[in-house]
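S.K.: Take this structure, written in structure tokens, and hold onto it; I'll ask about it next.
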Amino acid sequence: MPRGGVKGRGTLLRVGRHANPGRDNWQIGNFRSMAEETTHALQPGQYRLSDPALLMGMRLQQEIKVPGSDAILVPRYTPITTKLVARLVQHGVETLFAEPVQEKAVVTSVEQMKKMFTVIENVVSGALGGVEDIALSFQNQQQIRDLERLIQSNLNDIDSLFKSDPTEKLMALTQHHSGTARHSIMASFHLMAIGRELGWPDGKIVRGAIAVFNHDVGKTRVKLETLDWPGRLDGNQWKEMQLHPLFGCRLLYRVGEKPDLSMLTALLHHEWHAEVAGKGYGGLTLFADYLKRTLQLDIPKVVAELDRDDLDCIQASSLVDMVSALEERRAYKRELDSFKVLVIMNSDAMLGHFHPEHYAAWHRIYMRQNPNLLPRGRRFALPREKERRVFTPQKPRKVSQLGLLTYQEMEQLGFMPVLRNVGMDEERIRRRGGLTLKVLEQIKNDKRLEFDCSPEAIRAAGLNPIKDQVVPEMEMIELDVWREWLTWDELERSGLLAKAKAHLFDLELIRKDGGMRPERLVKRGIPLNEKKLASQGILILKPWTIKLPGSENRLTAADLLKLGVSDQQLEKAGCLDRVRKVKSGVPMDWLVNQGIMIVPADLGKNGIDPIRKVFYDILVTEEISSTRARFMLLREGDEVKNPDENSNQDDPDPIRNLLLNKIGEVVIDFVDLVAMPDLSGVTMGDHWGVRR
């Protein structure tokens with residue numbers, strides 16, 4: 001989530017992955033197998049650098065990384081020129097993925113926008129240089145008028161850019177301008193685009209853009225170590241960060257004059273549209289009393305008297321600040337791809353963060369800009385909104401008479417809400433089968449909690465505190481998907497079972513699994529007639545609920561350091577890069593298989609609990625629509641060299657084996673996460689003091 005901010009399914013019309021409407025044979029993987037037979041065959045959208053078509057109004061479809069490195073050499077959506085091609089050849093790049101620029105006007109727009117970036121950045125960077133510079137820059141009326149004229153003269157080009165091209169184009173453009181003003185410039189461009197989408201007059205758009213250019217000037221008063229802190233802010237750091245709207249207000253306020261749009265935008269850009277407990281901060285909530293007492297400014301009264309245009313610009317600043325922050329790389333996060341940005345923005349919109357009319361306009365723009373949210377090869381974290389975390393009881397473990405409360409018993413007694421409030425790990429409690437009375441009493445005393453966990457009180461509640469067995473629970477992740485699958489009965493009815501037997505399939509294994517993936521038949525040369533199967537009432541694509549392990553034994557770089565495993569040992573075993581890259585840790589079994597010796601007894605001695613949550617990624621193998629695609633599920637940190645090749649042989653890693661060989665490719669629809677949400681219930685909060 002940005003720092004300084006906040007932390008229905010359709011029907012698949014085409015069930016065959018490579019179904020051809022003009023043919024009956026459903027040939028899974030036919031295209032892929034042909035491509036594999038030709039060593040030098042190019043994938044769709046892939047071009048050799050010697051291809052003259054690259055210079056005919058094309059742009060990069062995928063970013064290009066420095067060979068042998070994760071560093072980005074050229075960002076996605078960069079226009080392809082002879083100079084760029086020559087540069088790539090020098091770096092040893094042989095092929096790239098490209099696509100036509102949607103409108104020729106965009107190329108001209110980008111060139112003009114580069115000039116605009118340079119001018120604006122010089123103005124804003126100077127203003128962000130220090131407190132004195134801010135006071136001079138944003139109170140210099142001539143400079144403001146010059147900036148207004150510059151924006152006015154470029155509005156048509158900005159409009160063309162946003163209508164025709166993804167926002168990533170602007171992000172690629174800012175690679176050339178790495179100054180501190182980038183965020184302010186990007187937020188202003190977003191506001192201009194929203195204004196044009198809503199039909200705002202040019203004067204309103206320009207005034208709003210000027211205001212947004214300086215919405216974050218208050219951060220010049222926030223310590224650099226706080227702004228650049230690489231992890232989660234602690235309580236004191238977060239309080240300091242929350243002060244930046246107040247700092248911005250004080251820097252831009254002209255004593256004795258009526259607060260202007262720039263000052264109010266700096267003060268109010270973190271206020272939410274709706275009144276949501278614990279959300280939003282600024283001059284209407286956190287600092288209202290302070291400003292009235294120290295500057296005699298009654299901000300709620302000032303806001304209530306604003307005209308519609310100024311209020312629109314101020315409320316839109318919250319939206320554009322958020323989306324710009326999500327798209328940027330910062331010290332504590334990487335830039336997010338368009339799919340993840342849309343999921344987060346939709347979630348906040350439904351909570352009431354943004355003005356519904358502004359958000360609807362932004363959503364229309366973003367969907368136009370990003371017609372391919374799920375292109376083949378894109379990999380991103382499995383959205384938590386799709387997960388259901390459930391706990392399943394494991395085999396009971398016999399114990400001697402032991403004073404213990406299970407998780408369910410602690411819920412019944414009302415202990416769990418109290419324990420959650422003091423940071424107790426719910427998953428860890430359930431994994432252990434509960435807490436002993438001795439441990440519970442110790443936690444109560446250490447945390448100064450108010451509950452009675454004595455055996456007498458527990459018996460009085462109708463529970464037996466003494467147990468002779470412990471029932472640990474395992475956390476599992478349930479995920480609703482579709483998969484291509486033929487049941488045993490369907491195989492038998494269609495005659496495919498006899499063909500499978502003739503091709504030496506293990507029928508007993510198929511019976512045990514309840515069926516099989518149809519692509520296994522195709523790979524053995526057994527064609528599937530989709531129409532014939534449909535006439536028999538057999539649909540290949542079926543709903544399916546996947547169950548994935550929610551935790552496993554994993555060790556982080558810090559754990560390995562405690563265990564005395566050096567970087568030299570990890571590098572020699574080929575593990576160092578992965579250990580450094582995956583912050584949640586790498587599987588302990590994998591380390592052992594790579595030759596890194598882990599002594600289980602040493603874990604307890606060093607206070608290491610290796611059981612940690614497993615995070616999953618999804619890798620797009622085929623885009624079906626703008627919201628639906630075929631995926632492979634991968635564990636965070638795992639790599640798959642060729643997603644088209646599943647070995648069908650057991651992998652020694654149980655989770656990899658489950659994902660690659662038991663589950664395989666699945667279909668997921670994300671329309672519920674990325675479609676325009678229903679915001680009819682979102683209303684302006686009373687804190688704005690405005691009723692319309």
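The values are calculated or read from the model by the stated rules, or taken from the named source; none is laboratory data. What you see is a predicted model; the values in this text were computed from it and never measured. Every residue, glycine among them, receives a Cβ derived from its backbone with ideal geometry; neighbour counts consider all protein chains shown. These accessible areas exclude ligands, DNA and RNA; they are computed on the full protein's heavy atoms, side chains included. Shrake-Rupley method; radii C 1.70, N 1.55, O 1.52, S 1.80 Å.
S.K.: Grab the other residues whose beta carbon is less than 13 angstrom from that of Pro396, score K and R as +1, D and E as -1, and report the net.
M.R.: Combined, the nearby Lys, Arg, Asp and Glu give +2.
S.K.: Can you pull out the trypsin sites (Lys or Arg not before Pro) in the range 329-406 whose DSSP state is coil and whose Cβ has at most 13 other Cβ atoms within 10 Å?
M.R.: Sites meeting the loop and neighbour criteria: Arg329, Arg334.
S.K.: For the residue pair Gln408 and Met476, what label-to-label distance in nm results when each label sits 7 Å from Cα along the Cα-to-beta-carbon direction?
M.R.: Roughly 1.6 nm, to one decimal.
S.K.: Same structure, new question: Could you compute the FRET efficiency for Asn372 and Leu49, with r as their C-beta to C-beta distance and R0 at 25 Å, rounded to 0.05?
M.R.: 0.60
S.K.: Ignoring ligands and nucleic acids, what accessible area does Thr392 show with a 1.4 Å probe (Å², nearest 10)?
M.R.: Answer for Thr392: close to 40 Å² accessible.
S.K.: Shifting gears a bit: Tell me the net charge near Phe97. Cut-off is 11 Å between Cβ atoms, Phe97 excluded, with +1 for each Lys or Arg and -1 for each Asp or Glu.
M.R.: Neighbourhood net charge equals +1.
S.K.: Output the pairs from Lys531/Lys662; Lys499/Lys662; Lys583/Lys613; Lys447/Lys583; Lys444/Lys613; Lys258/Lys292 with a Cα-Cα distance over 18 Å in this structure; if there are none, say none.
M.R.: Result: Lys531/Lys662; Lys499/Lys662; Lys447/Lys583; Lys444/Lys613 exceed 18 Å.
S.K.: Still on this structure, please answer the following. For Ile526, what is the net charge nearby, where nearby means another residue's Cβ is under 12 Å from its Cβ and Lys, Arg count +1, Asp, Glu -1?
M.R.: Once all neighbours under 12 Å are counted, the net charge is +4.
S.K.: Moving on to the next point. First measure r as the distance between the Cβ atoms of Asp567 and Val599, then evaluate 1/(1 + (r/R0)^6) with R0 = 22 Å and state the FRET efficiency to the nearest 0.05.
M.R.: In this case the efficiency is close to 0.70.
S.K.: Another one. To the nearest 0.05, how large is the calculated FRET efficiency for Asp289 and Leu449 if R₀ is 45 Å and r is the Cβ-Cβ distance?
M.R.: Here the calculated transfer efficiency is 0.85.
S.K.: Please list log₁₀ I(q)/I(0) at q = 0.11 Å⁻¹ for the range 539-669, using the Debye equation with identical point scatterers on the alpha-carbon positions.
M.R.: Once normalised to I(0) and log-transformed, intensities are -0.47.
S.K.: Starting from the Cα of Lys523, step 7 Å along the direction of its Cβ; do the same at Ala498; then give the gap between the two resulting points in nm.
M.R.: So the two model labels end up 2.6 nm from each other.
S.K.: Could you put Asp289, Asp310, Asp298 in order of accessible surface area, largest first, with the 1.4 Å probe and the full protein assembly present?
M.R.: So the residues, ranked largest to smallest area, are Asp289, Asp298, Asp310.
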